[in-house]
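What follows draws every value from the coordinates through simple rules; no lab data is involved. In this text, all values refer to a predicted model and were calculated from it rather than measured experimentally. Because the Cβ atoms are built from the backbone with ideal geometry, glycine has one as well, and the counts that use them run over all protein chains shown.
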Amino acid sequence: MKFDLIDLSLFVAAVDTGSLTKGSERIGLALAAASARIRLMEARLRVKLLERSKRGVVPTSAGVAMLNHARIVLNDAALLEADVSEFARGLKGKVRLMSNTNALAEFLPQALGAFLAANPDISVSVEERLSLHIVQAVSSGEAAIGIVASTINMGSLEHFPFARDRLVLVVPHGWRPDVLELAFKEALGEPFIGLQETSAIQTFVAEQAARSGHILQVRMQLLGFEQVCKMVESRAGIAVVPESSALRAAQTMSIRIVPLLDEWSHRDLRICVKDKNRLAPVALQLFEHLVSIRFRSPRSS
């Protein structure tokens, strides 16, 4: 069973346009050649992929399965071409790194900025994910390096200190002035300001609320911790943010930092790899750079 990228591109184009004629035109094939390719695909698979009628073509159930896999293969091929083409511009290599929200927002910009400036021939692809998903990705080889919360089970991965931080509650001045520290569940009756739903840290905080038997009441979702703290200052709600972000915001905003008593709020960050001795040379360079840095967030009093 052999298909090439032209076969798959033709099949996807035919389904997308609803016409074998239009699909063949989209990828620059003659209609006769396109029809022959589809017939050969069906013969090799021993299943019908397209239902043909005067109105065009639609995928069969088998065709829908073929369509999903064809899109994945074509997307992967495009990514492969993009990655390899970077070497023509003089790049020595590319490293895939995954990070949780905290590290990505507070520590990685400085760390990666210094690394990329010193290594102009290396490219770094960074993706934000939940710590649990990062561990899975590094374990499977999807990512070379991950930065995760220390509270996560890292299994057999090697892990090393990266930065110290924790999650705290940010409230406007005057909010429960007698409360110096608080368990998260005791604040869950309040409206919250948070990050976008796609943010790993927002997902994590919502999960902690659910474990307490509550639904997090998110009044507004913004793109960054600074914007979140500004909305807290305006008394629109309260928020859970990294202490490093809260301390920086407190220098210019009328907000108060309330430490959380929950064990999960301690979010020291660690670098994880499958086996540092088997990292590709460019990934090893980045790993050694990150391990050499010692970020430490000042603790609020």
Point-to-point label distance, VAL291-ALA114, nm (Cα→Cβ direction, 7 Å offset)
1.6 nm
Less than 17 Å from a label point 7 Å out along the Cα-to-Cβ axis of ALA183: which backbone N atoms in the stretch 223-262 qualify, by residue?
259-262
Here the net charge surrounding ALA105, from other residues whose Cβ is less than 13 Å away from its Cβ (Lys, Arg +1; Asp, Glu -1), is -3
Show which lysines lie in cross-link reach of LYS22 when reach means a straight Cα distance below 26 angstrom and same-chain residues fewer than eight apart are skipped.
LYS2, LYS48, LYS54
For the stretch 48-194: rounded, prolate or oblate by the Cα gyration tensor [a/c cutoff 1.5]:
oblate
The chain - mean residue ellipticity at 222 nm from DSSP helices (-39,500 (n - 2.57) per run, n ≥ 4, rounded to 500):
-13000 deg cm²/dmol
Could you tally the net charge around LEU167, taking each other residue with its Cβ under 10 Å from the Cβ of LEU167, Lys/Arg +1 and Asp/Glu -1?
-1
Mind ordering 165-174, 69-78, 246-255 by average Cβ neighbours within 10 Å, highest first?
165-174, 246-255, 69-78
Taking every other residue with Cβ under 11 Å from the Cβ of HIS133 and scoring Lys and Arg +1, Asp and Glu -1, one gets -2
Using only Cα atoms, tell me the angle between helix 131-140 and the longest principal axis of the chain; keep it within 0 to 90° and round to the nearest 10.
40 degrees
With just the Cα atoms defining each centre, how far is the stretch 144-207 from the stretch 213-258? Give it in Å.
12 Å
Taking only Cα atoms, what is the 0 to 90° angle, nearest 10, from helix 108-118's long axis to the longest principal axis of the chain?
60 degrees
Note on the stretch 167-264: C-alpha Rg/Rh, Kirkwood Rh, two decimals, gives 0.92
What's the ranking of 201-208, 267-274 by average number of surrounding C-beta atoms within 10 Å, highest first?
267-274, 201-208
Taking the Cα centre of the stretch 127-279 as origin, work out the dipole magnitude from +1 charges on Lys and Arg Cβ and -1 charges on Asp and Glu Cβ, in debye rounded to 20.
140 debye
Contour minus end-to-end for ALA32 and ARG176, with contour as 0.36 nm per residue of separation and end-to-end as the Cα-Cα distance?
44.2 nm
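With +1 on the Cβ of every Lys and Arg and -1 on the Cβ of every Asp and Glu, and nothing else charged, how large is the dipole of the stretch 5-86 about its Cα centre, in debye rounded to the nearest 20?
680 debye
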For ASN68 and GLU197, compute 0.36 nm times the residue count separating them, minus their Cα-Cα distance, and round to one decimal in nm.
43.8 nm
Please determine, in degrees from 0 to 90 and to the nearest 10, the orientation of helix 5-17 with respect to the longest principal axis defined by the Cα atoms of the chain, where the helix direction is its Cα long axis.
80 degrees
